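Heads up, the thing below is written out as structure tokens.
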Amino acid sequence: MNKVFVRIIIPIWLLFVIMNFAVPKKEFSETENRMLSKFPTFSIGELFNGKFMQNIDDYINDHFIGRDYWVSLKSGIDLGIGKRESNGIYIGKQALLENIKAPNQVYVQKNIDGMKRFMKRHSQQAYFMLIPSASAIQPQKLPPLAPTWDQKAFINQVYSKLPSSIKPIDAYTTLSHHKDEYIYYRTDHHWTTKGAYYSYLEACKAMNITPRNESEFTIKPQTNKFYGTLSSKSGIQTVPSDVIESYDLGAKATFTTQNGNKVNNYDSIYFNQYLNEKDKYAFFLGKNEPIVTIKTNSNSGKKLLLFKDSYSHCYSQFLTKDYSEIVLLDMRYINTDIEKTMNIADFDQVLFLYSMDVFTHQNQLMKLR
Amino acid sequence: MFYAWGEIRFIPVMLGLSVVDYWCGRKMDKYFDDKKKKRIFMLIDVITNLSVLFFFKYIDFFIGNANSLFGLSIPLLGVILPIGVSFNTFQSISYTIDVYRGTTTCEKSYYNYLTYTTLFPQIIAGPIVRYVTVEDDLDIHPITVDNLSLGIRRFLIGLGKKVLIANNVGLLWSQIQNGQITELSTVLYWVGIVAFAFQIYFDFSGYSDMAIGLAKIFGLTFDENFNYPYISRSITEFWRRWHMTLSAWFKDYVYIPLGGNRKGKVAHIRNLLIVWGLTGFWHGASWNFIFWGLYFAVILIIEKFVLFRFWEKIPKAIQHLYAILLILISWVIFSFDSVSAGWNFIKGMFGGNHVPFYNEQAGYVLITYGFTFLLAGFLCTPVFRKWLFKLENKKNKGIQITVSLFYLVMFLFCVAYLVNSTYNPFLYFRF
């Protein structure tokens, strides 16, 4: 036994070690959509506080040979032994759903206070849409008995704290009515364009816009090979890929991103090049940028200020004929006083459009003066 | 080298200690017949080791208690506990006392002594290896095919226990303990503490297996540290099977010197209380560990003086149930630093805290962890190990290859979990 065992295990182990050294290193993981750690630079200080060794551990972990296969092997074992959750992602029936943690009440309060403070100093009418997650709207997709918390009650509770200057938009009810439709991606945490569209109809009522009928849009599937963040995070690859649809109004729109002093101009709000990359959702408005300006050829003359997370990226296309200018602010990436560079009084309306996870676990709106 | 990976800052401390140990050992050897001088050197070494342990592990505990007791506000030092300081100092003390008693001869080579104190396999989490057990092997480290094979297999068993079972159930326990699972029910309290019982056993015995395996590779044979503790039928038996090297240490260097059970009932009870109070305290600088030790002392005393008189008449199943129940309760005390949080948890287990008996959350947890629990429960008994041993000793090549492949698959599974590790806690780091 001893000889047999050693003859089997030692060569395999050696192979592992050699391959790990020999195979070229990647800098970026497409599947996980993040930069992999770099080989740490040596410093005496880090050696002594243990950070150096920790970094080497991380490096080995990130660059382990065939990392993606190991990740799916682990997910496979987990599934096999009955686990229906991986890295905070529920593995449901043909769908992955984010298990949104219970709200951080302190952050929630800070966000509400930030919005209130801001709207006290400005006279426009503001609107707030808090977007529930798939796990709340489509419980039928969850694994059996999977625990969730009551997002409906939470949304009502948040809305009840808003002053009259901020009008709530009830996306929950609308989305629930359509819960059997394809309104959330199977492999990504975002809503689909269709889900965004139903919420848009609801928002139109509150914001005095005549809603555009689906027939006015050119609805076109852009890709059917989208594997989103949930599949990378969970390592589950057995869920079928998603379809990304664009709802094009045919309005001419230019698109400007602004990150500090760096300004980039584009002639469309659609980014075809991202359809060939891993993060295909970036087809809408590209990657996250702090300040984004969409100028359209609409003659309405109306301007909208939109505080947003990435859920708004596929939402903006609906608005291109009703606003001449839409400015999207992602407070996660803005740390300076926005009012120094833009005049808030220029805008006709203000919309806060936030997804449940971002609103309840990040307190970026407290940065508002 | 291995130690440097985690704790390079404390290498000077370790070297210093080993020099003191070595020097005192030599001196005691020199003055072997001069009892007074011998005793002085023994005391120097024991006190040095205890002081180091006290400084790194307990000083903040005492400052904190003095502060709250006398209303002082001495700032805490925030000393970081070096990995394995508890194991290291206890090993040194065992060496010194053994030399003092003459049960072993002193190590003549400083290099060998240093090898002994810095033996890397057990440095983090035991077992506590006494000098006598490895003394003869220190000079030569033969790496043979047999040792290599046995050692690697033992190591893999330990790795599997830790990575595949302990980390898994540990995740569940941390969710329940930290209140990430908000809707508790009586069932969940029990599921939680059973998860912890599995976690601590598979984590700790897994580390012991890995240490024993690594040592084996280098030709050293360590004492066993666990012997299927959860199949015990009394607490007395449990402590003969759980962390055996630690209980042996306390027995030989504290309990027996205090007089053990030879000096009458009162002294016997006193000795048990002292030993178990210290055993608890060794596990961590916090009151709950002391209560945990004393809890066992009380049960051991009751077993010794009352229960064991009619123990044979009680059905075995009830004995098992009795032991498991008391062990689970002990883990509650053990795992909550705050005594009131622990008490709250115990109330929850017995229907308190106004929670339902069962809820959906409990059902979800039972579905998702059911298999792991069954597997872990099965592996707490010696059945699988015995069966595996039998197969390993078969002459048949086919069986040998199959068994090797079993180990290989387990290894690959572990790699998959390690590569993907977002959760890899180390339970025994504060000891």
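Just a few scattered comments:
- Among residues of the stretch B:356-381 that are within 9 Å of chain A (Cβ to nearest Cβ), those with a beta-carbon under 7 Å from a residue that is among the charged types (D, E, K, R) and crowded, with 16+ Cβ neighbours inside 10 Å at least six positions away or on a different chain give the pairs B:Thr368/A:Lys83; B:Thr368/A:Arg84; B:Thr368/A:Glu85.
- For the stretch A:290-310, filtering for residues that are within 18 Å of A:Tyr270 (Cα to Cα), open to solvent by 20 Å² or more (accessible area, probe 1.4 Å) and in contact with a helix residue (DSSP H, G or I) (Cβ under 7 Å, 6 or more places away or on another chain) leaves 0.
- Selection of the stretch B:83-119 for residues being more than 17 Å from B:Lys251 (Cβ to Cβ) and among the charged types (D, E, K, R) yields B:Glu107, B:Lys108.
- Pair list, Cβ under 7 Å, 6 or more apart: the stretch B:297-322 residue over 15 Å from B:Lys265 (Cβ atoms), other residue of a type in the set (D, E, K, R) and part of a loop (DSSP other than H, G, I, E, B): B:Lys316/B:Arg233; B:Gln319/B:Arg233; B:His320/B:Arg233
- Residues satisfying the stated conditions in the stretch B:135-149, i.e. surrounded by fewer than 21 Cβ atoms within 10 Å (Cβ to Cβ) and part of a helix (DSSP H, G or I): B:Glu135, B:Asp136, B:Asp137, B:Val145, B:Asp146, B:Asn147, B:Leu148
- Note on the stretch A:265-288: residues that are in a strand (DSSP E or B) and open to solvent by 60 Å² or more (accessible area, probe 1.4 Å) amount to 2.
- Qualifying residue in the stretch A:175-193 (condition: open to solvent by less than 20 Å² (accessible area, probe 1.4 Å) and more than 17 Å from the chain's Cα centre (by Cα)): yes
- Residue check, B:Leu272 open to solvent by less than 40 Å² (accessible area, probe 1.4 Å), touching a residue at least 40 places away in the same chain (Cβ under 8 Å) and of a type outside the set (Lys, Arg): no
- Residue match in the stretch B:313-333 (condition: outside any helix (DSSP H, G or I), under 20 Å from B:Ile200 (Cβ atoms) and modelled with pLDDT of 90 or more): no
- Filter pass, B:Leu258 being under 21 Å from the mean Cα position of the chain (by Cα) and surrounded by fewer than 22 Cβ atoms within 10 Å (Cβ to Cβ): no
- Selection from the stretch A:52-94 of residues that are touching a Pro at 6+ places or on another chain (Cβ under 9 Å), at pLDDT 75 or above and more than 9 Å from chain B (Cβ to nearest Cβ): A:Tyr90, A:Ile91, A:Gly92, A:Lys93, A:Gln94
- Hey, A:Ser135 within 21 Å of A:Ser312 (Cα to Cα), of a type in the set (Gly, Ala, Ser), within 14 Å of chain B (Cβ to nearest Cβ) and touching a strand residue (DSSP E or B) at 6+ places or on another chain (Cβ under 9 Å) or not: yes
- Which listed residue, of B:Gly277, B:Gly351, is touching a Ser or Thr at 6+ places or on another chain (Cβ under 9 Å) and either closer than 17 Å to B:Leu246 by Cα or not basic (Lys, Arg) (or both): B:Gly351
- Considered as a group, the residues in the stretch A:312-356 that are in contact with a strand residue (DSSP E or B) (Cβ under 9 Å, 6 or more places away or on another chain) and among the small types (Gly, Ala, Ser) include one that is most open to solvent (accessible area, probe 1.4 Å), and that residue is A:Ser324.
- Residue check, B:Thr279 part of a helix (DSSP H, G or I) and in contact with a helix residue (DSSP H, G or I) (Cβ under 8 Å, 6 or more places away or on another chain): yes
- Extreme residue, farthest from the other protein chains (Cβ to nearest Cβ), among residues of the stretch B:345-355 that are assigned to a helix (DSSP H, G or I) and of a type in the set (A, V, I, L, M): B:Ile346
- Residue within the stretch A:97-119 that is more than 14 Å from every other protein chain (Cβ to nearest Cβ), within 19 Å of A:Thr229 (Cβ to Cβ), buried (at least 16 other Cβ atoms within 10 Å of the Cβ) and among the β-branched types (Val, Ile, Thr) present: no
- Test: residue in the stretch A:212-231 that is out of contact with any strand residue (DSSP E or B) (no Cβ under 6 Å at 6 or more places or on another chain), among the aliphatic types (A, V, I, L, M) and touching a residue at least 60 places away in the same chain (Cβ under 8 Å): no
- Set B:Ile181, B:Ile212, B:Ile176, B:Ile193: member being open to solvent by less than 40 Å² (accessible area, probe 1.4 Å), out of contact with any strand residue (DSSP E or B) (no Cβ under 8 Å at 6 or more places or on another chain) and part of a loop (DSSP other than H, G, I, E, B): B:Ile181
- Filtering the stretch A:138-152 to residues that are within 14 Å of chain B (Cβ to nearest Cβ) and in a helix (DSSP H, G or I) leaves only A:Pro139.
- Checking A:Leu162 against (1) more than 10 Å from every other protein chain (Cβ to nearest Cβ); (2) closer than 27 Å to A:Ser231 by Cβ; (3) in contact (Cβ under 8 Å) with a residue 24 or more places away in the chain, the condition it does not meet: (2)
The values are calculated or read from the model by the stated rules, or taken from the named source; none is laboratory data. Predicted model, so just to flag it, every value in this text is computed and none were measured. Cβ sites come from the backbone with ideal geometry, for glycine too, and all protein chains shown count toward neighbours. The area values use the complete protein model at the heavy-atom level, side chains included, leaving out ligands, DNA and RNA. Shrake-Rupley method; radii C 1.70, N 1.55, O 1.52, S 1.80 Å.
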